[in-house]
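The values are calculated or read from the model by the stated rules, or taken from the named source; none is laboratory data. These numbers come from a predicted model, not from an experiment. Glycine gets a Cβ as well: all are built from the backbone with ideal geometry, and neighbour counts include every protein chain shown. Just the protein is used for accessible areas: all its heavy atoms, side chains included, with ligands, DNA and RNA removed. Shrake-Rupley method; radii C 1.70, N 1.55, O 1.52, S 1.80 Å.
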Amino acid sequence: MSGSVAPAQQEIGEGLSLGRAAMQREDWDNALKQFDRVLQKDLTNAEAKTGRAQAQDNAVHRQLLASAEAALARADKVQSIAALSRIPGNSIYADRAQKLAARISAMQRNEAPGNRGDFRITAEEDKQLKQRYGKPK
């Protein structure tokens with residue numbers, strides 16, 4: 001009987017090790033697969049339960065970050081901010097989300113008229129102003 005326990009324990013240890021390694025590489029699909037493999041052998045394994053939950057959350061957060069980046073590439077800042085706002089501060093993607101949000105915020109400031117004394121005008125508006133008022137002295 002003790003011979004059948006050792007292979008199961010070995011498989012659990014291997015699954016946990018592979019799951020941890022997949023987490024380090026941000027390979028959430030493989031991490032889920034490894035932790036599920038462990039849970040098939042031991043439904044109460046705390047590390048596998050925790051690892052599975054983290055891998056699942058991180059997969060969602062990575063997808064939200066990718067959605068935000070794609071929305072920004074389409075110049076849809078509202079959609080980008082909406083996706084970023086769903087990434088919690090304790091996520092491993094929080095820093096990347098914060099950097100992207102700061103970039104969007106800077107873009108907004110640069111586009112906002114009258115912000116910090118700046119007033120951005122288009123080339124056409126500049127041309128019209130020069131025609132109307134001439135060149136400044």
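Just to be sure I understand, how many residues within segment 53-66 are open to solvent by less than 50 Å² (accessible area, probe 1.4 Å), closer than 10 Å to A83 by Cα and not hydrophobic (A, V, I, L, M, F, W, C)?
1
Being touching a Leu at 6+ places or on another chain (Cβ under 7 Å) and open to solvent by less than 50 Å² (accessible area, probe 1.4 Å) is the filter here; which residues of segment 20-52 pass it?
Hits for segment 20-52 are Q34, V38, N45, A48.
When segment 68-78 is examined, which residues are found to be touching a residue at least 12 places away in the same chain (Cβ under 8 Å) and either open to solvent by less than 50 Å² (accessible area, probe 1.4 Å) or over 23 Å from R25 (Cα atoms) (or both)? Write out each step before concluding.
Narrowing segment 68-78 to residues touching a residue at least 12 places away in the same chain (Cβ under 8 Å): 68-69, 71-72, 77.
Result: A68, A71, L72, K77.
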